[in-house]
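Report on the structure given below.
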């Protein structure tokens, strides 16, 4: 799957805004946060311990930024959530679900052998952290 063939999914209602501290959580932020729990934390911890993996995640992050710019989306929660939602949907169609929280790979070696969609989702999380969206 390449960026040319990846549709950026609109963020629609499967994630309802939830009350937090007197306010509501943005559904886009909630979706990106869910991806962080499912693959981002474990993937980023492994990447910061393995320079080769970090370089690979950085390359995926560059591709995410390029794909978002190509369709006129910004580096914001809505753009990242729409992109991640497209990745998750495509992976599910191919029978490759995203692991539940606490069930992702732990070591850099395992992550280096991970499927493309998992690395791309870790890159989305990396961008979200760098942009202070989570």
Label zone at residue 55 (point 7 Å along Cα-to-Cβ), backbone N below 16 Å, segment 87-113: 108-109, 112-113
How far, in nm, would the chain grow between residue 107 and residue 66 when pulled straight, counting 0.36 nm per residue and subtracting the alpha carbon separation? 12.0 nm
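All of the numbers you see were taken from the coordinates with simple rules; none came from a lab. What you see is a predicted model; the values in this text were computed from it and never measured. Note that we place each Cβ from the backbone using ideal geometry, even for glycine, and neighbour counts take in every protein chain shown.
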